[in-house]
Amino acid sequence: MADDKYLPGGPSRRLVKEVRSRLWRYGVRPKGDAWRLTWVWATAIASSYFHYRWPMPHEIASQYMLLLLCEMKEGRLLKLPFRADQVQPDEIKSLLATEPFAFLQMTSNTRLNASHDVSPSPRSGL
């Protein structure tokens, strides 16, 4: 709000409002060092393009959530209850079946290869 005009990179009010609304949907009220660092990170991403372009609001919100998790881990607060790995409902098991943070390891090359797959389609007869 009042502090938003001092965010790194000088994002527009609209962008900040959209990012806040994405976070508010999950009950998260952004503030503190993680909020400022999120905009430092988003500014670095925006300036990495040939034409200055901000990440999408949901991407910036995801960055904030990741930084919050890092803060919790740093403060030794990111812990599950005792026996949480042994007692899991089926819905939770299906959510946790994939490797955590696998999306961070995805490179632009793998995205490019996945979107431009040159394998012949079954209809082509090749």
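The values are calculated or read from the model by the stated rules, or taken from the named source; none is laboratory data. Model, not experiment: these values are computed from the prediction. Positions of Cβ are generated from backbone atoms using ideal geometry, with glycine treated the same way; all protein chains shown enter the neighbour counts.
One table, with the values for the structure above:
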quantity: Odd one out for Ala97 among (1) of a type in the set (A, V, I, L, M, F, W, C); (2) closer than 26 Å to Val16 by Cα; (3) not in a helix (DSSP H, G or I); calculated: (2)
quantity: Every pair of residues 6+ apart whose Cβ atoms lie under 8 Å, when the first sits in segment 79-94 and is surrounded by 10 or more Cβ atoms within 10 Å (Cβ to Cβ) while the second is in a loop (DSSP other than H, G, I, E, B) and not acidic (Asp, Glu); calculated: Gln88/Leu96
quantity: Condition met for Trp35 (part of a loop (DSSP other than H, G, I, E, B) and surrounded by 14 or more Cβ atoms within 10 Å (Cβ to Cβ)); calculated: no
quantity: Selection status of His51, in a helix (DSSP H, G or I) and surrounded by fewer than 18 Cβ atoms within 10 Å (Cβ to Cβ); calculated: no
quantity: Scan of segment 1-20 for residues that are part of a helix (DSSP H, G or I) and in contact (Cβ under 8 Å) with a residue 24 or more places away in the chain, ordered by number; calculated: Leu15, Glu18, Val19
quantity: Residue in segment 45-57 that is touching a helix residue (DSSP H, G or I) at 6+ places or on another chain (Cβ under 8 Å), at pLDDT 90 or above and of a type in the set (Gly, Ala, Ser) present; calculated: no
quantity: Every pair of residues 6+ apart whose Cβ atoms lie under 6 Å, when the first sits in segment 32-52 and is β-branched (Val, Ile, Thr) while the second is part of a helix (DSSP H, G or I); calculated: Thr38/Gln63; Thr38/Tyr64; Thr38/Leu67
